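Following: one structure in structure tokens, then a few remarks.
The values are calculated or read from the model by the stated rules, or taken from the named source; none is laboratory data. Here the structure is a predicted model, which is why all the values come from computation and not from measurement. Glycine gets a Cβ as well: all are built from the backbone with ideal geometry, and neighbour counts include every protein chain shown. Only protein heavy atoms, including side chains, enter the accessible area calculation; ligands, DNA and RNA are left aside. Shrake-Rupley method; radii C 1.70, N 1.55, O 1.52, S 1.80 Å.
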Amino acid sequence: MSEPIEEPRRLRVVVADDQAAVREPLAAVLALSEDIEVVAAAANGSEVLTAVAAGPVDVVLMDLRMPVMDGTEATRRLGEAYPDVAVVVLTTFADDDSILGALGAGARGYLTKNAGRLDITRAIRAAAAGQSVLDREVQDRLLATVRTKAPAPASAPLRALPDDLTPREREVLTLIGRGLPNRGIAEKLFISEATVKTHINNLFAKSGIRDRADAVRRAIEAGLA
């Protein structure tokens, strides 16, 4: 007698936004995805912490500007108390302070509210898998900020990177620094997305890179982007 096939576990998501007119439709749309279960909706950061404490939760889709406790502070506290819970920011704000504050607090993804349902669900899945997803507008702002505030020394552009990076890993890091997503890197190098992910995992491990935002910074500091 064959054993029953176990269905893959759905990702448990908390949706946080202070506006019910945004929060409720967003939760309803996400619930249409077969691999996502919206386990709670929160109107502020304090409610997010309560929902995660009740758990289990895999990903929080977090607005930034909320009363009682904002999304950046909630993200920081989640990182301290629940490091396995990933945060994807979904906000109307794409200014330097908001982006750097959220990423510095530990957010794995940052999207603006121009993002469509597929972009949001893709970011949730990536965050749950330990990957980072940044909106293209956010990538451009981050690139501009790092270039302005942390220019790489022209005399020794590659000193920040380990010597054992392969040429392909350097190519991948260069393209990350230029803002390309995994699919764009795969198309540029004529390789599969799975191979791109392997190169990213290897170069992150060798270089001590924490996430995609950190990779952008390292690429620029090394003179690759």
Heavy-atom accessible surface of the chain: percent carbon and sulfur, 1.4 Å: 51
Cut-off under 5 Å, modelled amide H: who pairs with R12 long-range: E37, D58, V59
Shape call, region 52-124: gyration tensor on alpha carbons, a/c limit 1.5: oblate
Difference of contour (0.36 nm per residue) and Cα-Cα distance, R117 to A194: 25.4 nm
Leading residue at positive end of dipole, the chain (Cβ point charges), from S46, A107, S192: S192
Cβ-based net charge around V52, under 11 Å, with every Lys or Arg adding one and every Asp or Glu removing one: -1
Vicinal HN-Hα couplings computed from phi for region 59-67 (Karplus, 6.51 cos²θ - 1.76 cosθ + 1.60; Hz; Gly/Pro x): 9, 10, 8, 10, 6, 9, 8, 9, x
Charge dipole magnitude, Cβ of K and R +1, D and E -1 - the chain, Cα centre, debye nearest 20: 780
Cβ-derived FRET efficiency at R0 41 Å, T50 paired with R183, nearest 0.05: 0.65
Protection proxy ranking, peptides 64-72, 180-188, average beta carbon neighbours within 10 Å, highest first: 64-72, 180-188
Residues in region 48-81 reached by a label modelled at Q19 [backbone nitrogen below 13 Å; 7 Å Cα→Cβ]: 63-66
Rounded to the nearest 10 Å², the accessible area of Y82 at probe 1.4 Å: 80
Net +/- balance of residues flanking D135 in space, Cβ distance below 12 Å, scoring K and R +1, D and E -1: +2
Local electrostatic count, R108, Cβ distance below 14 Å [Lys/Arg +1, Asp/Glu -1]: 0
Within region 47-141, percent of DSSP bridges classed antiparallel, to nearest 5: 0
Amide H contacts under 5 Å for V87, placed H, 5+ residues apart: V60, R108, G109
Between 0 and 90°, nearest 10: helix 96-105 axis offset from the chain longest Cα axis: 80
Euclidean distance of C-alpha centroids, region 195-221 and region 5-56, integer Å: 29
